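Read through the structure below, which is laid out as structure tokens, and then see the notes.
The values are calculated or read from the model by the stated rules, or taken from the named source; none is laboratory data. Owing to the predicted nature of the structure, the values given are computational and were not obtained by experimental measurement. Please note: Cβ atoms are built from the backbone with ideal geometry, for glycine as well, and neighbour counts cover all protein chains shown. All accessible areas refer to the heavy atoms of the entire protein, side chains included, with ligands and DNA or RNA removed. Shrake-Rupley method; radii C 1.70, N 1.55, O 1.52, S 1.80 Å.
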Amino acid sequence: EAKHPGEKEYLQAVHEVLESVQEVYNQHPQFAKAKIIERIVEPDRIHTFRVDWVDDKGEVQSNLGYRVQFNAAIGPYKGGIRFHKAVNPSMLKFLGFEQTFKNALTTLPMGGAKGGSDFDPTGKSDAEIMRFCQAFMLELWKYIGPDTDVPAGDVGVGGREIGYMYGMYKKLAHEYNTGVLTGKGINWGGSLIRPEATGYGALYFVDHMLKKLGKDLKGQRVVVSGFGNVAWGASQKATQLGAKVIGLSGPDGCVEVPNGMTHEMIDYLLELRASNRNIVAPFAEKFAKESKFTAGKKAWTIPCDIALPCAFQNELDGDDAQMLIKNGVKLVAEVSNMGCTPEAIKAFQDAKLPFAPGKAVNAGGVATSGLEMTQNAAHLAWRAEEVDAKLHQIMESIHNACLKYGQEDGYINYVKGANIAGFMKVAHAMLDQGVV
Ligand code: AKG
């Protein structure tokens with residue numbers, strides 16, 4: 001902690017993993033000998049750069065850009081790019097650290113990385129977004145490559161931004177047409193199911209959690225936070241599997257949909273997100289008869305069976321957890337990265353509620369990025385059913401990995417299970433490759 005003053009999110013993520021792996025670490029003296037802990041918690045390197053661009057008024061803007069290359073022990077660096085005004089090294093280090101273990105859980109050979117900028121997309125025009133993405137890539141391209149580091153989208157970076165960045169990369173790299181980014185458009189190297197994969201994978205995981213309890217999704221009341229790509233995919237699959245999505249939220253408040261979202265409503269989420277206004281109130285204006293907006297309230301105030309944080313880190317705190325428990329929640333799964341604070345996780349675990357962490361639940365997104373890399377390398381495209389079937393298998397094996405390491409007297413501690421499973425794979429890869 002003395003080494004990283006003020007890096008709150010990063011220290012939070014590291015603490016959680018170290019607590020989970022303490023026991024197995026002590027059982028493997030070779031880890032201590034090779035100083036695995038000291039090495040695994042630090043990124044391999046961080047690239048920092050300035051991103052200068054000109055806005056629609058002709059004024060010069062300057063942002064900071066980063067690529068945190070965290071760990072490449074099991075494969076090329078892989079992880080998203082986040083554009084959000086609060087982006088800083090602590091946030092990207094926590095995300096890169098989490099990504100390292102998440103990618104290990106996917107069963108695919110991918111190392112961990114994360115990048116981004118403090119650029120705020122809210123209220124920006126399409127032309128501004130394009131100029132910023134191009135300026136960002138003008139620096140980033142030096143550090144990435146299809147077999148070294150493969151970025152993708154994250155908060156504030158979707159298909160449009162990936163397109164603008166990929167276009168610029170190709171110009172800079174002498175039209176080198178490789179899959180250097182994932183989340184590409186379907187007509188230019190993207191994979192079917194990648195847009196849906198984070199949300200779909202999360203629901204496949206939740207389905208396995210429920211099966212363990214002898215239950216399924218039919219009739220369950222689900223609440224999501226956010227209204228981006230992840231909340232969209234999760235809502236779609238939850239509805240397909242028979243659940244009702246009865247609430248969602250944005251920075252401005254929450255929307256209740258007592259009869260559950262229809263497919264029309266779910267698809268409207270993408271339109272709302274693309275408007276770049278970052279508010280959810282227009283949802284309730286558009287679907288005035290079927291929904292109700294409450295300003296300033298979080299989604300977690302809505303009584304539900306299943307709570308799915310789908311927006312941002314630490315978006316569900318200890319008080320929110322108590323409220324959910326009081327209202328009878330039966331299962332909580334983080335679809336956002338580190339969506340719950342440590343106090344919230346403790347409250348769920350103390351109540352013996354099934355709770356699963358983002359690095360397991362949302363790994364379907366990056367796993368499908370891995371499948372996009374495979375298709376690009378082979379110069380072919382798989383059918384949607386093939387990709388979906390592989391996603392299914394991967395989520396099942398992540399669930400099995402959590403079971404293997406997370407059993408605690410009848411309670412499945414998914415946090416511990418996911419952390420140990422991811423850690424063991426990366427730690428052994430580091431041991432095998434020596435001190436480099
Ligand atoms: C995440 O899993 O949080 C990502 O950023 C995934 C990005 C990717 O598909 O590489």
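A few comments on the model shown:
- Region 170-184 - residue that is open to solvent by 30 Å² or more (accessible area, probe 1.4 Å) and at pLDDT 95 or above and, of those, farthest from the ligand (Cβ to nearest atom): K171
- Where strands (runs of 3 or more DSSP E) sit wholly within region 9-127, those with at least 2 residues that are at pLDDT 95 or above, within 13 Å of the ligand (Cβ to nearest atom) and open to solvent by less than 40 Å² (accessible area, probe 1.4 Å) occupy 60-71, 77-83, 111-117.
- Elements of type helices (runs of 4 or more DSSP H) contained in region 318-395, each with 1 or more residues being farther than 25 Å from L213 by Cα and either touching a Leu at 6+ places or on another chain (Cβ under 6 Å) or within 16 Å of the ligand (Cβ to nearest atom) (or both): 363-378
- Pairing residues of region 1-27 that are closer than 23 Å to K114 by Cα with residues that are open to solvent by 100 Å² or more (accessible area, probe 1.4 Å) and modelled with pLDDT under 95, at Cβ distances under 7 Å and at least 6 apart in sequence or on separate chains, gives L11/E1.
- Residues of region 137-153 that turn out to be touching a strand residue (DSSP E or B) at 6+ places or on another chain (Cβ under 9 Å) and either within 16 Å of the ligand (Cβ to nearest atom) or among the basic types (K, R) (or both), as a count: 10
- Checking each residue in region 391-423 for being crowded, with 19+ Cβ neighbours inside 10 Å and out of contact with any strand residue (DSSP E or B) (no Cβ under 9 Å at 6 or more places or on another chain) picks out L391, I394, M395, I398, A401, Y405, N419, I420, A421, G422, F423.
- Taking the criterion of being in a loop (DSSP other than H, G, I, E, B) and under 16 Å from G189 (Cβ atoms), the residues of region 128-157 that qualify are I144, P146, D147.
- Per-region count, region 221-259, residues touching a Cys at 6+ places or on another chain (Cβ under 9 Å), open to solvent by less than 20 Å² (accessible area, probe 1.4 Å) and in contact (Cβ under 8 Å) with a residue 60 or more places away in the chain: 8
- Filter result for G167 (in a helix (DSSP H, G or I) and surrounded by fewer than 17 Cβ atoms within 10 Å (Cβ to Cβ)): yes
- Hey, F312 assigned to a strand (DSSP E or B), farther than 21 Å from Q220 by Cβ and in contact (Cβ under 8 Å) with a residue 12 or more places away in the chain or not: no
- If you check L371, L270 for being open to solvent by less than 20 Å² (accessible area, probe 1.4 Å) and within 30 Å of D126 (Cβ to Cβ), only one passes: L371.
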